[in-house]
């Protein structure tokens, strides 16, 4: 057994594999990882081929992606349990990219996406991607689920189309409806049997590999009965029994120009999906992933996948959760999962030719149903109008526009909602002086006191600025209490700068009390220092100074 060492504050980009090995890795850990890796491989095998076919490429490319990408994600990643490979979330983008640029364009876009992901990790952007609003993630996940389901209707029903199947949903549905007379009862029976077997195994034998059992059972049945159902072999031919030699994608100025927008989309979705998957694993295990190390690993995995003829790699939530539930000890299980898939391709690739496409369509329909997050979607819609607006707009844009637009607009809406709520949380109250004063020497109207509450930033400054302006009509002093102001931005500081000028023109004095050091530093950087404004420790000091009861220590 390897000696154990204690890691304190591990480097941000250190792969979790190194951390696990330094902790000490023995035969018991290897056995646990081998069992988990085999379990995940059984799930990944049919899914990788199904996702590849739905994405408009051959099933072998899904296997290449799972083998090369899955191995690199686990070996280099910042998550202890992450499983990488082809993901259903990419089906729409990949199929659209293939339609627009061809297979070579897809490989180049995947290759470029790898460098963009590495750059995002190197710039430490992983910490910011985690702040995408929850309604946005629920909306785009549910939207992806609908699109995946729609992409499987052709094979689910065995439809025969006269031309290529459109990618856009609004164009796809009329084409599928026009082909309704070509529905194959045999294909419908196979897909229904696939779904039924998966659900039955999940219900009564939850620890068994339902997807693999469904694929084996329906494939054997179709082969035995000779039913006229299209299979992987009849559409794609025999699968290769080994990995191809690595090769660079075709690179030219025109190809780069065409591939770059797709690469950017792959990068954005891949970063979100992989970090979301890592967060799910953290929640299941109590561990913490290294987001920037994870992005770098995803980048290397995408480059490696493209070199071996695969496509987009990302962290996959369902397979990662399966890895955790199967008792994984660490990244070795993900590496072994990739090797188990490779073993299948080396030893049993000819058998894949007998798998019906209706079976794989049934598998993806179950995947789409499970990933839709129906309860979360409904809960957000019922929660409040703001969250409902964000989740519904994101959902509809993903379905009827594209994933990137849905995410960008959803994040913008979520940001606007947050700003409004923060602005509403900010408040201002006017207080009367509490100190006794000599009426012969001073008047209570000589001092106006207001108490700010909440962050004073551009959203709140616009709403509260006019209130402060009206309160500032006082001849001697105007005190602003910052006790409950955690931060202020440049817009808020600018509003106080204008307030200081107005107070000075009227011959009054502006006082700031209980200002924390960070807020004071920003205020002073905008010229809010003596003689324009005086800083005091509390309101009592200002009252004593203005109302003439006692001198106060100057902090200006």
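The values are calculated or read from the model by the stated rules, or taken from the named source; none is laboratory data. In this text, all values refer to a predicted model and were calculated from it rather than measured experimentally. With ideal geometry, Cβ positions are generated from the backbone for all residues, glycine too; neighbour counts draw on all protein chains shown.
Being within 20 Å of residue 265 (Cβ to Cβ) and over 19 Å from the mean Cα position of the chain (by Cα): is that true of residue 400 here? Here the answer is yes, as residue 400 does meet what is asked.
Inspect all residues belonging to segment 126-133 and state whether any of them is more than 26 Å from the chain's Cα centre (by Cα) and either assigned by TED's automatic domain parsing to the domain that holds residue 395 or free of Cβ contacts under 8 Å to residues at least 12 places away in the same chain (or both). Within segment 126-133, none of the residues are more than 26 Å from the chain's Cα centre (by Cα) and either assigned by TED's automatic domain parsing to the domain that holds residue 395 or free of Cβ contacts under 8 Å to residues at least 12 places away in the same chain (or both). Do the conditions hold for residue 353, that is, is it surrounded by fewer than 23 Cβ atoms within 10 Å (Cβ to Cβ), without any contact (Cβ under 8 Å) to a residue 40 or more places away in the chain and within 22 Å of residue 224 (Cβ to Cβ)? In short, no.
Conditions (1) at pLDDT below 95; (2) assigned to a helix (DSSP H, G or I); (3) surrounded by fewer than 12 Cβ atoms within 10 Å (Cβ to Cβ), marked per residue:
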| site | (1), (2), (3) |
| --- | --- |
| 203 | yes, yes, yes |
| 214 | yes, yes, no |
| 219 | yes, yes, no |
| 229 | yes, no, no |
| 244 | yes, no, no |
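To keep it simple, each residue is scored yes or no on (1) part of a loop (DSSP other than H, G, I, E, B); (2) touching a strand residue (DSSP E or B) at 6+ places or on another chain (Cβ under 9 Å); (3) free of Cβ contacts under 8 Å to residues at least 60 places away in the same chain; (4) under 17 Å from residue 85 (Cα atoms).
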{"site": "240", "(1), (2), (3), (4)": "yes, no, no, no"}
{"site": "249", "(1), (2), (3), (4)": "yes, no, no, no"}
{"site": "254", "(1), (2), (3), (4)": "no, no, yes, no"}
{"site": "292", "(1), (2), (3), (4)": "no, no, no, no"}
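On inspection, residue 20 does not qualify as modelled with pLDDT under 90, crowded, with 17+ Cβ neighbours inside 10 Å and not in a loop (DSSP other than H, G, I, E, B). Might you check whether a residue that is surrounded by fewer than 16 Cβ atoms within 10 Å (Cβ to Cβ), over 27 Å from residue 89 (Cβ atoms) and in contact with a helix residue (DSSP H, G or I) (Cβ under 6 Å, 6 or more places away or on another chain) occurs anywhere in segment 249-256? No: segment 249-256 contains no residue that is surrounded by fewer than 16 Cβ atoms within 10 Å (Cβ to Cβ), over 27 Å from residue 89 (Cβ atoms) and in contact with a helix residue (DSSP H, G or I) (Cβ under 6 Å, 6 or more places away or on another chain). Could you list, in sequence order, the residues of segment 449-498 that are at pLDDT below 85, part of a strand (DSSP E or B) and under 40 Å from the mean Cα position of the chain (by Cα)? The one that is at pLDDT below 85, part of a strand (DSSP E or B) and under 40 Å from the mean Cα position of the chain (by Cα): 456.
Yes/no matrix, rows are residues, columns are (1) at pLDDT below 95; (2) within 22 Å of residue 235 (Cβ to Cβ):
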{"position": "61", "(1), (2)": "no, yes"}
{"position": "65", "(1), (2)": "no, yes"}
{"position": "71", "(1), (2)": "no, no"}
{"position": "89", "(1), (2)": "yes, no"}
{"position": "106", "(1), (2)": "no, yes"}
{"position": "110", "(1), (2)": "no, no"}
